[in-house]
Amino acid sequence: MHKKSSTGPFPPQSSPSPPSDGSCPVKAPNTLLPSSTPKTSTFSVLNPLNYMPSNLSQSRASNQTVHLPTERELSSIPRGDTDSNWEYPSPQQMYNAMLRKGYDDTPEDAVESMVAVHNFLNEGAWAEIVAWEQRFSQGLGKGWRACSRGETGFIESPTSGEMVPQPKLLRFMGRPGDVSPKARILEFMGWLRPSKFGGELPFDRHDWFVQRQAPEGQVQEVRYVIDYYSGPPEPTGEPVFYLDVRPAVDGPTAAVERMMRWGGDVWHRASGAEARG
């Protein structure tokens, strides 16, 4: 699998092409999921961070013919209610949860791959959220100074030596049936110019609620929207996903943050700063 986390304004193009400057490709486990997995939105329904009981059985299911590991993986995502990180369920727990939710036709030998993909995409989404928080958790003024260095400049020197409090994930909501306004706009743009915008709707959507610590010590809750797009597969056959992660426009501050990040990178490149650097 291949994941391209994009902060740019557009989803992947409909034909295979190099990602935009705002895309960051990351390799994932080299295992294909069943082709029906994204379309049925099992990622939202059965995501390891979503509606997963902590006491789910590790016991082998009746009629189960394939051995599934019981080891659990600790995520890099801090919890908002404790000092620990979110913990992913084992493949055996995941399979038991799927049976409880009525997914009786899931191939047992695909469960480990599903868990690996789910965990990988969760980690990728969190990395994108952390990048937003590094820019804006300390206020719009510092956010603009960070964004004015462009995406490349910020990656090379993200906080200029400043310590930024780590965000925490409070809760998680899968919303596969609710298409975001941005996704609708991009679908329309794809209808007008399919060669550039693709026009495909995301196969899934999540809302993540994040705890942000402001400079004065106040704690704020920030909602992030994550749209999941499928891209053309790699020449090796690996599937490709794009994550479009951004703060939800629940108020003027989030709208300004989104404009700053996009506009700062455009200004950085248009002013020739990359060439001079």
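The values are calculated or read from the model by the stated rules, or taken from the named source; none is laboratory data. What you see is a predicted model, and the numbers here were worked out from it, not measured in a lab. Here the Cβ positions follow ideal geometry from the backbone for every residue, glycine too, while neighbour counts run over all protein chains shown.
Looking at the range 93-107, which of its residues are under 14 Å from GLN64 (Cα atoms) and either part of a loop (DSSP other than H, G, I, E, B) or touching a helix residue (DSSP H, G or I) at 6+ places or on another chain (Cβ under 7 Å) (or both)? Passing the criteria: MET94, TYR95, TYR103, ASP104, ASP105, THR106, PRO107.
Going by what's in this entry, would LEU68 be described as modelled with pLDDT of 90 or more and among the aliphatic types (A, V, I, L, M)? Before you say what the answer is, go through the steps one by one.
Numbers: modelled with pLDDT of 90 or more: yes; among the aliphatic types (A, V, I, L, M): yes.
In short, yes.
Residues of the range 173-203 being modelled with pLDDT of 90 or more and of a type in the set (Asp, Glu), which ones? ASP178, the sole residue that qualifies.
Given the criterion closer than 17 Å to ALA127 by Cβ and either β-branched (Val, Ile, Thr) or under 14 Å from the mean Cα position of the chain (by Cα) (or both), identify the matching residue among ARG261, ARG246, ARG223, ARG175.
Answer to the selection: ARG246.
A single entry from ASP244, ASP250 fulfils the requirement of being in contact with an Asp or Glu (Cβ under 7 Å, 6 or more places away or on another chain) and in contact (Cβ under 8 Å) with a residue 12 or more places away in the chain: ASP244. Screening GLU112 with (1) surrounded by 13 or more Cβ atoms within 10 Å (Cβ to Cβ); (2) assigned to a loop (DSSP other than H, G, I, E, B); (3) at pLDDT 50 or above gives one miss only, at (2). Within the range 243-277, restricting attention to residues that are under 17 Å from TRP208 (Cβ atoms) and at pLDDT below 95, the residue that is surrounded by the fewest Cβ atoms within 10 Å (Cβ to Cβ) is LEU243.
Among the residues of the range 199-209, is any under 20 Å from LEU121 (Cα atoms), of a type in the set (A, V, I, L, M) and in contact with a strand residue (DSSP E or B) (Cβ under 8 Å, 6 or more places away or on another chain)? First the steps, then the outcome.
We begin by selecting, within the range 199-209, every residue under 20 Å from LEU121 (Cα atoms); these are 200-209.
From what is left, the residues that are of a type in the set (A, V, I, L, M) are 201.
Within this subset, residues satisfying the condition of being in contact with a strand residue (DSSP E or B) (Cβ under 8 Å, 6 or more places away or on another chain) are none.
No - not one qualifying residue is present in the range 199-209.
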